[in-house]
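Read-outs: derived from the displayed coordinates by stated rules, not from any lab. What you are looking at is a predicted structure, and each value in this text was computed from that prediction instead of being measured. Cβ: placed from backbone, ideal geometry, glycine included. Neighbour counts: every protein chain shown.
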Amino acid sequence: MIIVNNAHKTFTSIISSSTLTPSRNHVFSLRFLIIGWITTGNLAVARYHHVSVTLLNGNVLVAGGYNGAYLTSTELYNPSTGIWTTTGNMNSGRYWHTALLLLNGTVLIIGGYNGSYLKSTELYNPLAGIWTIAANMNVARYCHTTTELLNGKILVTGGYNGATIGSAELYNPLTNTWTMTGSMNIARSCHTASILLNGTVLVAGGYNSGALVSAELYNPSTGTWTVTGSLNVGRQIHTASVLSNGTVLVSAGWDSSVCFKSAELYDPSKGTWTMTGSLSATREVHAASVLSNGKVLLTGGWNGIYLNGAELYDLSTGIWTQTKNFTVARSAHTISMLSNGQILLIGGQGIGDIYLNSVELYY
């Protein structure tokens, strides 16, 4: 007999077995036996191109996005209850923005678009449940990247504001100030940025009058960029994941005409990219996360249709394998890892181009 606790979305199996102890019921959690997806509480507000961040207390913050209007609303997910509650509104509606959890537990929201390209930033205080306006960036941008450096500063790169942007800037959380740093060699938007084990930042691909194969490295000590090996395939709206051995996995994406299922690995010791196993389906506007076991979970996306497929990449074999499909096909969603290692898949856009409030958990 399987019992589902709807509040906590956990499974319990009660098995009577004479081989264990005659006529005695044995209760154990199937949480670690089931690999797949279950639905959990819905968002109060449907949204896509939002952001999600796991807070220090284990709750998940979702902020902004779009559902026919640019959203100021934000919500908190409690993993122990599976319920979303609304929290303070941002000062500006926005989508295609970025977010990052700072060392002090606050959340920094950066840029985006709401009919205008935004240079504004905001800080969320989880203890008070309110947003305060932080210092403006020097350059308005959306479809940019945000990376926390080892020194605690925040690096923002590229993006778009009517033109593709090559500039980069640094936010100092201690002083609430932005300063320009070295510009990339090639302006780009819809790219990826990954912090390597040595503290440098790898920027790969993106868009600038076409999908880019170029990649660059940012040195925080000098504030300068150097060109590194090019991707084998120009791509934008892809994902990048730093693996346990320090290599970077870039997956899928789009070149303005076709979607890809190819993936490639960057070796920081050589500065080169090599092709690795391909996904089973082409896709863009998907989401990826490195799991606690070191595998990469890639979810959903779009390739002419909305996708509900999920795949796992194993570094030891270089192979992708399909895992269980989730219930609602979607793209432009987010995924966040909970403190127990589970993955929360949130919102997005789905079949019929509808904006989604549904949420699912991967075990």
Between ASN136 and THR179, what is the label-to-label distance in nm when each label sits 7 Å out along the Cα-to-Cβ direction? 2.1 nm
Positive-end extreme of charge dipole, the chain - chosen from ILE346, SER278, CYS143 (charges on Cβ): ILE346
Among SER92, PRO79, THR106, which residue has its Cα furthest toward the positive end of the charge dipole of the chain, with +1 on Lys/Arg Cβ and -1 on Asp/Glu Cβ? PRO79
Lys, Arg +1 and Asp, Glu -1 on Cβ, resulting dipole of the chain about Cα centre, debye, nearest 20: 360 debye
Which residue, ALA168, VAL242, SER209, has the largest displacement toward the positive end of the dipole of the chain when charges sit on each Cβ (Lys, Arg +1; Asp, Glu -1)? VAL242
How many Å³ per residue does the convex hull of the Cα positions in the chain occupy? 145 Å³
To the nearest 20 debye, what charge dipole does segment 134-280 have about its Cα centre, counting +1 at the Cβ of each Lys and Arg and -1 at the Cβ of each Asp and Glu? 80 debye
Given charges at beta-carbon only (K, R positive; D, E negative), |dipole| of segment 46-170 in Debye: 160 debye
Here segment 215-226 yields Karplus 3J(HN,Hα) values (6.51, -1.76, 1.60; θ = phi - 60°; whole Hz; Gly and Pro given as x) of 9, 9, 10, 9, 9, x, 5, 10, x, 10, 10, 10
